[in-house]
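The structure under discussion appears below in the form of structure tokens.
The values are calculated or read from the model by the stated rules, or taken from the named source; none is laboratory data. Quick caveat: nothing in here was measured; it's all calculated off a predicted structure. Here the Cβ is made from the backbone with ideal geometry for all residues, glycine too, and neighbour counts use every protein chain on show. All accessible areas refer to the heavy atoms of the entire protein, side chains included, with ligands and DNA or RNA removed. Shrake-Rupley method; radii C 1.70, N 1.55, O 1.52, S 1.80 Å.
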Amino acid sequence: QKEDMIGEDVFELDMDMNVVKPPVTPNLRLSACTPIWYSVYRFRPRAKCVIHTHSMNAQMATLLDPTERSTCLRMTHLEMLKGVGGHAYDSVLDIPIIDNRPSEDMLVDQVEKALVKYPKCNAILVRRHGVFVWGDSWEQA
């Protein structure tokens with residue numbers, strides 16, 4: 001269970017997804033998100049950290065459009081935009097929204113299309129699921 005992991009249970013991988021250092025607890029598996037993280041690192045080479053959460057706020061943001069057809073959440077004229085790399089109070093920030101799939105590893109194609117279509121984004125919302133965010137540190141992400 002993810003909740004039972006300790007610090008030494010993190011897999012260390014190289015950029016070819018080979019395990020460099022396995023976790024200390026036996027029989028752990030790589031996350032289904034692993035291919036997504038690698039896609040982000042490939043398309044955003046400055047990213048040093050990718051975080052995925054099942055945040056209720058992120059899930060609710062994907063449902064602001066009652067038709068559930070929106071492909072992005074657009075924000076502007078918000079003070080917090082200054083904290084998002086390269087944006088100002090009156091900038092437009094588009095956060096892509098992709099549809100959920102039965103397993104997180106099945107999101108890779110949609111994630112890569114969103115990374116290409118939205119080159120300034122540093123997050124991707126997954127409808128009814130959560131969010132992937134990245135930055136040049138875990139604090140920034």
Test: residue in the stretch 71-86 that is out of contact with any Ser or Thr (no Cβ under 6 Å at 6 or more places or on another chain), open to solvent by 40 Å² or more (accessible area, probe 1.4 Å) and under 20 Å from MET15 (Cα atoms): no
Pick from the stretch 117-141, criterion among the basic types (Lys, Arg) and within 16 Å of ASN100 (Cα to Cα), ranking: least open to solvent (accessible area, probe 1.4 Å): ARG127
All positions within the stretch 37-52 that are under 8 Å from the mean Cα position of the chain (by Cα), over 15 Å from ILE98 (Cα atoms) and either part of a strand (DSSP E or B) or among the basic types (Lys, Arg) (or both): VAL50, ILE51
Test: residue in the stretch 5-22 that is open to solvent by 100 Å² or more (accessible area, probe 1.4 Å), part of a loop (DSSP other than H, G, I, E, B) and farther than 20 Å from PHE132 by Cβ: yes
Residue within the stretch 45-62 that is within 27 Å of LEU13 (Cβ to Cβ), among the polar types (S, T, N, Q) and in contact with a Phe, Trp or Tyr (Cβ under 8 Å, 6 or more places away or on another chain) present: no
Single unsatisfied condition, LYS82 versus (1) part of a helix (DSSP H, G or I); (2) closer than 17 Å to GLN140 by Cβ; (3) out of contact with any strand residue (DSSP E or B) (no Cβ under 8 Å at 6 or more places or on another chain); (4) touching a residue at least 12 places away in the same chain (Cβ under 8 Å): (4)
Test: LEU107 is crowded, with 16+ Cβ neighbours inside 10 Å, touching a Lys or Arg at 6+ places or on another chain (Cβ under 6 Å) and of a type in the set (A, V, I, L, M, F, W, C): yes
Per-region count, the stretch 53-70, residues of a type outside the set (Gly, Ala, Ser) and either surrounded by fewer than 12 Cβ atoms within 10 Å (Cβ to Cβ) or assigned to a helix (DSSP H, G or I) (or both): 9
Single condition SER103 does not satisfy, out of (1) touching a residue at least 40 places away in the same chain (Cβ under 8 Å); (2) more than 13 Å from LEU125 (Cα to Cα); (3) over 18 Å from the mean Cα position of the chain (by Cα): (3)
